[in-house]
1. Find how much the distance from Ile147 to Thr98 grows on full extension, using 0.36 nm per residue of separation minus their present alpha carbon separation; answer in nm with one decimal.
2. Which lysines have a Cα less than 29 Å from the Cα of Lys27, not counting those fewer than 8 places away in the same chain?
3. Starting from the Cα-Cα distance between Glu154 and Gln49, subtract it from 0.36 nm times their residue separation and give me the gain in nm to one decimal.
4. Using R₀ = 25 Å, calculate the FRET efficiency as 1/(1 + (r/R₀)^6) where r is the Cβ-Cβ separation of Lys128 and Gln66; round to 0.05.
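Nothing in this text is a laboratory measurement; each read-out follows from the coordinates by a stated rule. None of these values were measured; they are calculated from a predicted model. Here the Cβ is made from the backbone with ideal geometry for all residues, glycine too, and neighbour counts use every protein chain on show.
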Amino acid sequence: MRTRIWVTMAGCLLAAAAAAHAQPNQKPGLYEITSNMTWQKSPFPPGMQVPPQASAAFGGGPHTSQVCLSQAWVDRFGGPVPQGRGDCKMANVSTSPTGMTGTMMCTGQMNGTGEIKVDWGGGTATGKVHFAGTMQMGRNGAQGAGIPVEWTQEFTSTYKGADCGSVKPLAVPADK
């Protein structure tokens, strides 16, 4: 059950990080994202053993991953549109030549909103997501009112080149 929660959260974070890359005049290709997440309100009681895969992605130090943007992604959106993973969608998106802001709205196993701000230039983007809401825990993932959660993720993205190698391009969502 906890693995499903972490997969949902990872999807939301990946959506936010991917949104940071789809900037106007963005180059297609490979990007490396280094992120660090800190909890202001953790869903885990103090002293609880956090699963290793969750600790690596959601706290416990920097986490580095790679994403690939296709020309189709850049051509279609030219601005931030998250990958269709998890139950999170972007709203109130505003782009400029130097960055973007937006709201990540999540419903489902995780409910709440996250404010996103990204600054970019010269192939590098830096950003921050601050999320507050609730997380459904329990056997069916939908019992009770949910546990309050709040976290902040800061990230840096660097353009690595046009060749994505073995990294599969992000899927272009069917709708904006």
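1. Roughly 14.0 nm would be gained on extension.
2. Lys89, Lys117, Lys128, Lys160, Lys168, Lys176
3. This chain segment gains 35.4 nm when fully extended.
4. It comes to 0.80.
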